[in-house]
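Report on the following structure.
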């Protein structure tokens, strides 16, 4: 039996502990510190020579700090002779920069892929990538998992029985995701025709689809400043929706997001714990579900060379 070690960066300690509990493992020790000028220093407290190591770290909140911490942890493990190093990134930061949107702009998602590979990662696991083509930026195995089983179970139990529902995509790019949810919830589908005027700035325009008299559930992959979300909520209510809920995998919730959600007509916002957000946990409008079961199962199957294909739903 190959020996394995699970470590966590500073961004996902609670989630990592849940994953270890599911796997019957003890979370390994890794001491992450900062020099006075902000430099990151990491010391691995486990013997990893010849072992498979899984490092759990989302690149979120202080995105640059958490990304640098992950890269340094991977480098430390490589230099400590770890056999395989899997970067488990529940939230893959910089994923929105997956293509050139204007002249002289970067493709930062590709840069992050190169950095991870150069640091020594031999595999990457993530969840609900903002753009699926990011998998093609890697020359190492990449598993893109989905949180939909967790979110759909909650929606069926807590919302679907309240009345007829309609699943709403906040933009054209999310229609495929919404259709997958609607199929499992036996709901209709609608879409917001959105115009974006700048980064983190969006103006909802028309609602495409019938929402009148229905419970609208807005489904997205992430909620950042919540501008798109609150605009979409107002749009569907203006078209006659009876109530509005929202769900997303990644609760980035930066800047004015919490205040916007609290001031909005949205009844509940459901996110997962891919990103740790104490502010969200303290809000009575935001529900955080755990994806520890999905990630633990993926890690177990990868370690034992079992198929993970049935997790891709």
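The values are calculated or read from the model by the stated rules, or taken from the named source; none is laboratory data. Here the structure is a predicted model, which is why all the values come from computation and not from measurement. Positions of Cβ are generated from backbone atoms using ideal geometry, with glycine treated the same way; all protein chains shown enter the neighbour counts.
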Scope segment 63-86; condition out of contact with any helix residue (DSSP H, G or I) (no Cβ under 6 Å at 6 or more places or on another chain) and either closer than 15 Å to residue 134 by Cα or not in a helix (DSSP H, G or I) (or both); matching residues: 80, 81, 82, 83, 84, 86
Test: residue in segment 236-246 that is at pLDDT 95 or above, within 28 Å of residue 126 (Cα to Cα) and in contact with a strand residue (DSSP E or B) (Cβ under 9 Å, 6 or more places away or on another chain): yes
Given (1) loosely packed, with under 13 Cβ neighbours inside 10 Å; (2) touching a residue at least 12 places away in the same chain (Cβ under 8 Å); (3) within 20 Å of the chain's Cα centre (by Cα), number of the condition residue 81 does not satisfy: (3)
Residue list for segment 60-78, filter: surrounded by 15 or more Cβ atoms within 10 Å (Cβ to Cβ), more than 18 Å from residue 6 (Cβ to Cβ) and under 17 Å from the mean Cα position of the chain (by Cα): 60, 61, 63, 67
Qualifying residue in segment 108-122 (condition: assigned to a helix (DSSP H, G or I), surrounded by fewer than 21 Cβ atoms within 10 Å (Cβ to Cβ), in contact (Cβ under 8 Å) with a residue 40 or more places away in the chain and in contact with a strand residue (DSSP E or B) (Cβ under 9 Å, 6 or more places away or on another chain)): yes
Search result, residues across segment 249-281 that are over 11 Å from the mean Cα position of the chain (by Cα) and assigned to a strand (DSSP E or B): 269, 270
Hits in segment 147-174 (condition: free of Cβ contacts under 8 Å to residues at least 12 places away in the same chain and crowded, with 23+ Cβ neighbours inside 10 Å): none
Identity of the residue in segment 15-36, in a helix (DSSP H, G or I) and surrounded by 14 or more Cβ atoms within 10 Å (Cβ to Cβ), that ends up nearest to the chain's Cα centre (by Cα): 15
Residue tally, condition assigned to a loop (DSSP other than H, G, I, E, B) and within 21 Å of the chain's Cα centre (by Cα), over segment 138-165: 5
Some residue of segment 207-230 being modelled with pLDDT under 95, assigned to a strand (DSSP E or B) and farther than 30 Å from residue 88 by Cβ: yes
